[in-house]
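Report on the structure given below.
The values are calculated or read from the model by the stated rules, or taken from the named source; none is laboratory data. Computed from a prediction, not measured in an experiment: that's the story for all the values here. Glycine also receives a Cβ, built like all others from the backbone with ideal geometry; neighbour counts cover every protein chain displayed.
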Amino acid sequence: MSGTIRTANAIITDSYALIKSTERFFLPQTMIVNGGTSKFLRASYRRFMRLAPFVSQRAMVRSTYVDYIRYKYKIEDYDMKRRLVLGDTALPRAPLRQQILNTLNFIITAVSYTEKPKDKVQKTDIILARKILKNLLTMEYEKMKKNKVSDGKDYINFKLKFNHLTPGSQKIKPISLARNKVIKDFDSCIVYLNETVGLRL
Amino acid sequence: MKPWRSLLIKNDKVNRIMPHLPDKTSPLFTQFERWSGKKKRLYITNNSEPGTNPFHLSQNLFANLVASPMRHERFSKTKSPKLLLIQSKIDMKSKQLKLCSIQSRTGKNSYVLNSEKVLEKMAKSPMVLSPLHLYSSKITNLNPSDIAMDKQSFLENYRIELINSIKQAYKNHLKNEAKEGDIGVIYDESNPKIMEIINILKGRQLQINLGALKESIGEEVVPSKHFLDSKTDMDLVILVYKLLNFLKN
């Protein structure tokens, strides 16, 4: 037997609590068109953070997501990562504002639920976006899993200098060679995905 | 359909009552979503949305690769999407271990990374490639020495099998007209880039160059420049990507 409880802000079904008011998760049109760069960045950052409760119920996954967003905004040298994967002669990057908008839409797609999808594309987009987000966060966790044991070297290798994406350095242990290869495959796939869809994951 | 069958399946006189409670609304249910303990989702009704562009992720090679379920990789002990890995399978009847080009859920599987160079270095016995739980299980009763593996040529065999399944898939699909979202495949030995994103009239397109790996693949696999449809040929594109990733580093 199934029951649905309706409140002012939400519909609670067997398996989900569906939040009805979605306005505060989208960027307002005025901000997209003529907000200053720093204003736009801060507004989009706030919206990414607001989506954290939707990503997972587990505090561990949620904190991985929050750390990931913070890292993307404050620390990551994305141009360097992109150059290492695509090569020096790659096409110019899409404008930053468009990329951030697309990424916000991507995360919203990943955490959304719709009773009657418009078409098959919307249905598969929701499923795949959610899987991609989950795998991305799992991989972020895997990268940092042994960071404490390695005295913070994993953070430097995988997140600051991207040593796993650069060729060469044959003197490392076979296990870290394998680990570098696995993470490299994943990261380059994410960069190619960003390029083809216009995201900034 | 036979008449008695339709009687059994669809009888208008029988009212089927599905157990369903009526929707409940009450002023006492304020902010129930906060302590209901359910997974939260944004409720999208397509009428009210500030329309977002569809991503068409199912037609994207990389989205398909990255969205595949996570599996444990044997050497690095990290998790990775399974389409980025190679499945190694033990046939329990013949006690043979081999690497599979097309992954399936049957049998006893484990996953290893997709690189010829690293596997050459690290995969020196069947023990390191096979699923570990088999050896501790009392039901299978398996010894590491029972497993047979062709140590010299198992990587070679895998490559041949992969190329064969690509050829097999090519027999079914081949077309030469470019469309938006299609994936271009070329054979250009002078171009060292394996994968590239290029500008075409309608936008951006992924181009795969098999000629960059000329010593490992014969030209007979891919005759000339052509396009693969990202809607229907996704399995073939994934196979081609696997081959490139296996050989390139």
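Taking the stretch A:38-55 as the range and being farther than 15 Å from A:Glu140 by Cα and in contact (Cβ under 8 Å) with a residue 40 or more places away in the chain as the test, the residues that pass are A:Phe40, A:Leu41, A:Ser44, A:Arg47, A:Phe48, A:Leu51, A:Phe54.
For the stretch B:18-47, taking the residues that are hydroxyl-bearing (Ser, Thr, Tyr) and more than 24 Å from A:Val55 (Cα to Cα), the one that is nearest to the other protein chains (Cβ to nearest Cβ) is identified as B:Thr25.
Based on this model, can you work out whether A:Thr37 counts as touching a Phe, Trp or Tyr at 6+ places or on another chain (Cβ under 6 Å) and at pLDDT below 95?
On the way: touching a Phe, Trp or Tyr at 6+ places or on another chain (Cβ under 6 Å): no; at pLDDT below 95: yes.
Considered against the rule, which asks whether it is touching a Phe, Trp or Tyr at 6+ places or on another chain (Cβ under 6 Å) and at pLDDT below 95, A:Thr37 comes out as no.
Scanning the stretch A:6-37 for residues that are in contact (Cβ under 8 Å) with a residue 60 or more places away in the chain, aliphatic (A, V, I, L, M) and in a strand (DSSP E or B) turns up just one, A:Leu18. Look at (1) assigned to a helix (DSSP H, G or I); (2) exposed (fewer than 15 other Cβ atoms within 10 Å of the Cβ); (3) not hydroxyl-bearing (Ser, Thr, Tyr) and you find that A:Gln122 fails only one, number (2).
Criterion first (among the β-branched types (Val, Ile, Thr), surrounded by 15 or more Cβ atoms within 10 Å (Cβ to Cβ) and within 14 Å of another protein chain (Cβ to nearest Cβ)) does A:Ile69 satisfy it? Against the criterion (among the β-branched types (Val, Ile, Thr), surrounded by 15 or more Cβ atoms within 10 Å (Cβ to Cβ) and within 14 Å of another protein chain (Cβ to nearest Cβ)), A:Ile69 does not qualify.
So, B:Ile139, is that one in the same structural domain as B:Arg74 (by TED's automatic domain parsing), in a loop (DSSP other than H, G, I, E, B) and touching a helix residue (DSSP H, G or I) at 6+ places or on another chain (Cβ under 7 Å) or not? When the stated conditions are applied, B:Ile139 does not pass them. Residues that are more than 8 Å from every other protein chain (Cβ to nearest Cβ) and either over 30 Å from B:Thr45 (Cβ atoms) or touching a residue at least 60 places away in the same chain (Cβ under 8 Å) (or both) do occur in the stretch A:118-133. In the stretch A:38-76, the residue that is nearest to the chain's Cα centre (by Cα) out of those that are under 18 Å from A:Ile108 (Cα atoms) and part of a loop (DSSP other than H, G, I, E, B) is A:Leu51.
Taken over the stretch A:1-58, residues that are farther than 28 Å from B:Asp23 by Cβ and of a type in the set (S, T, N, Q) amount to 6. Could you say whether any residue in the stretch A:34-44 is within 14 Å of chain B (Cβ to nearest Cβ) and touching a Ser or Thr at 6+ places or on another chain (Cβ under 9 Å)? Scanning the stretch A:34-44, I find no residue that is within 14 Å of chain B (Cβ to nearest Cβ) and touching a Ser or Thr at 6+ places or on another chain (Cβ under 9 Å), so the answer is no. Just one of (1) within 14 Å of another protein chain (Cβ to nearest Cβ); (2) modelled with pLDDT under 85; (3) touching a strand residue (DSSP E or B) at 6+ places or on another chain (Cβ under 9 Å) fails for B:Ile208. It is (2). The test for being buried (at least 18 other Cβ atoms within 10 Å of the Cβ) and either touching a residue at least 40 places away in the same chain (Cβ under 8 Å) or within 30 Å of A:Met144 (Cβ to Cβ) (or both) holds for B:Phe55. The condition of being at the interface with another protein chain (Cβ under 9 Å from one of its Cβ atoms), under 30 Å from B:Asp182 (Cβ atoms), in contact with a Ser or Thr (Cβ under 8 Å, 6 or more places away or on another chain) and modelled with pLDDT of 90 or more holds for only one of B:Ser101, B:Ser68, B:Ser58, that being B:Ser58. Taken over the stretch A:1-33, the criterion of being within 30 Å of B:Ser26 (Cβ to Cβ), facing chain B (nearest Cβ under 8 Å) and within 21 Å of the chain's Cα centre (by Cα) is satisfied by A:Thr22, A:Phe25.
Quick check, is A:Phe162 within 9 Å of chain B (Cβ to nearest Cβ) and aromatic (Phe, Trp, Tyr)? Taking the combined requirement at face value, the residue does not satisfy it.
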